[in-house]
Amino acid sequence: MRINLPTWLTLFRVLLLPVMVVVFYWQFPGHNITAAIVFLLAAITDWLDGYLARRMNLTSAFGAFLDPVADKLMVAVTLFLLVESHRGGWPGILMAVTAAIIVGREISVSALREWMAEIGMRATVKVAFIGKLKTVMQMVALVVLIVQHEKSAEALRLYHIGEALLVIAGILTIWSGVYYLRAAWPSLRGDHPIPVPRGEDE
């Protein structure tokens, strides 16, 4: 199997995750800014690999599998770091609840899309504008929250901005999840016949 450029970019995004974790905890001057830059670089590769795959017609089965996995790993790992660093009090509770909503939605929608693909209805739950808006809001919020890792007065103000943006992203997460569920509901309810996968008994 030959790995094309978009897939290499996706793999690079996965490799950036442990780098971001190390930088996030390594207490050198400006480590929070550096961690945010690593996260931004990963986010840029998220856009770039999809753009190149479409523009240069370099799509592959492995790339199609790996890209959403890399995206969800990037978001989940970052949220876990932020939850761990903001334990205690209402801010910590809000962060944990919002992170649980976002990660839970990602798992649920991934499972929904996999099941819809199994029955040949994958296009029913294709990415919608509300999902893209949620992603943008989520990425901006995560960058701001990583930057505020330094506990200065200015960083505290940034934290409240990032916190508000993440809550908005959480609301959009629920909204987009409901949108995809409504689109798939006729199939989930049984209005559409479900083909039996090969190799399974009828």
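The values are calculated or read from the model by the stated rules, or taken from the named source; none is laboratory data. Treat the numbers as computed from the prediction; the structure is a model and nothing was measured. FYI the Cβ positions are ideal-geometry reconstructions off the backbone, even for glycines, and counts take in every protein chain you see.
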Verdict on ASP49 being more than 18 Å from ILE146 (Cβ to Cβ), of a type in the set (Asp, Glu) and either without any contact (Cβ under 8 Å) to a residue 60 or more places away in the chain or surrounded by fewer than 18 Cβ atoms within 10 Å (Cβ to Cβ) (or both): yes
Residue match in region 61-76 (condition: crowded, with 16+ Cβ neighbours inside 10 Å and touching a Pro at 6+ places or on another chain (Cβ under 9 Å)): yes
Every pair of residues 6+ apart whose Cβ atoms lie under 8 Å, when the first sits in region 1-24 and is more than 18 Å from ILE37 (Cα to Cα) while the second is assigned to a helix (DSSP H, G or I) and aromatic (Phe, Trp, Tyr): MET1/PHE62; ILE3/PHE62; THR7/PHE62
Hits in region 20-35 - residues which are at pLDDT 90 or above and surrounded by 15 or more Cβ atoms within 10 Å (Cβ to Cβ): MET20, VAL21, VAL23, PHE24, THR34, ALA35
First in region 72-85 and in contact (Cβ under 8 Å) with a residue 40 or more places away in the chain, second anywhere and outside any helix (DSSP H, G or I), Cβ under 7 Å, 6 or more apart: SER85/HIS149
Boolean, ILE107 is within 19 Å of GLN138 (Cβ to Cβ), aliphatic (A, V, I, L, M) and loosely packed, with under 15 Cβ neighbours inside 10 Å: yes
Only one of GLU106, GLU118 that is modelled with pLDDT of 75 or more and either among the acidic types (Asp, Glu) or in contact with a helix residue (DSSP H, G or I) (Cβ under 7 Å, 6 or more places away or on another chain) (or both): GLU106
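Rundown of residues vs (1) β-branched (Val, Ile, Thr); (2) closer than 22 Å to GLY170 by Cα, yes/no style:
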{"site": "ASN4", "(1), (2)": "no, no"}
{"site": "TRP8", "(1), (2)": "no, no"}
{"site": "ILE33", "(1), (2)": "yes, no"}
{"site": "THR45", "(1), (2)": "yes, no"}
{"site": "LEU48", "(1), (2)": "no, no"}
{"site": "ARG54", "(1), (2)": "no, no"}
{"site": "ALA64", "(1), (2)": "no, no"}
{"site": "LEU94", "(1), (2)": "no, yes"}
{"site": "ALA99", "(1), (2)": "no, yes"}
Among residues of region 183-198, those that are modelled with pLDDT of 55 or more and either surrounded by fewer than 11 Cβ atoms within 10 Å (Cβ to Cβ) or acidic (Asp, Glu) (or both), counted: 3
